[in-house]
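Everything below concerns the one structure shown next.
The values are calculated or read from the model by the stated rules, or taken from the named source; none is laboratory data. What you see is a predicted model; the values in this text were computed from it and never measured. Every residue, glycine among them, receives a Cβ derived from its backbone with ideal geometry; neighbour counts consider all protein chains shown. Accessible surface is based on the protein model in full, side chains and every heavy atom, while ligands, DNA and RNA are left aside. Shrake-Rupley method; radii C 1.70, N 1.55, O 1.52, S 1.80 Å.
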Amino acid sequence: MASSSRRRPRKRVCPPPPLWSDRVYVRVAPSDIGLFRFILEGYDNLGVFTVVNKFKGILLLRFSPHLKREVKTFLKAAGTEMKVEILPAPLRES
């Protein structure tokens, strides 16, 4: 009879909590803001967004820095349902 070895699962290394959130500005059609929220919730609330300009459809998406790859995947997937344009971050005045 073969011996069955039981291996303990490895503990996942949790990154330290970030000091600030990453952010990205996104433009969607104003009529697609609700759809964007629905898709974001479907991705297990990957981040939160604020509507910066409801007439132009400009959103500010905030997320944890260690989820940057997942957010890029989300934006690519959302782009299959609607037009999603990633905007450059505005310059801050000193």
Accessible area (Å², per residue) of the chain, counting only protein heavy atoms and a probe of 1.4 Å: 86 Å²
The chain: relative contact order in percent, alpha carbon pairs under 8 Å with at least 6 residues between: 35 percent
Per-residue [θ]222 nm for the chain (sum of -39500 (n - 2.57) over DSSP H runs n ≥ 4, rounded to 500): -6500 deg cm²/dmol
Degrees separating the helix 33-42 axis from the principal Cα axis of the chain, which is the longest one: 10 degrees
Extended-chain gain in nm, criterion 0.36 nm per residue less alpha-carbon gap, LYS68 and SER21: 15.9 nm
Sorted peptide list for 67-75, 40-48, criterion being average Cβ within 10 angstrom, highest first: 67-75, 40-48
Whole-percent carbon and sulfur share, accessible surface of the chain, 1.4 Å: 55 percent
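Sort PHE38, PHE55, PHE49 by heavy-atom solvent-accessible area, probe 1.4 angstrom, most to least.
Per-residue accessible area, sorted high to low, gives PHE55, PHE38, PHE49.
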More than 14 Å apart - percent of Cα-Cα pairs taken over segment 30-77: 50 percent
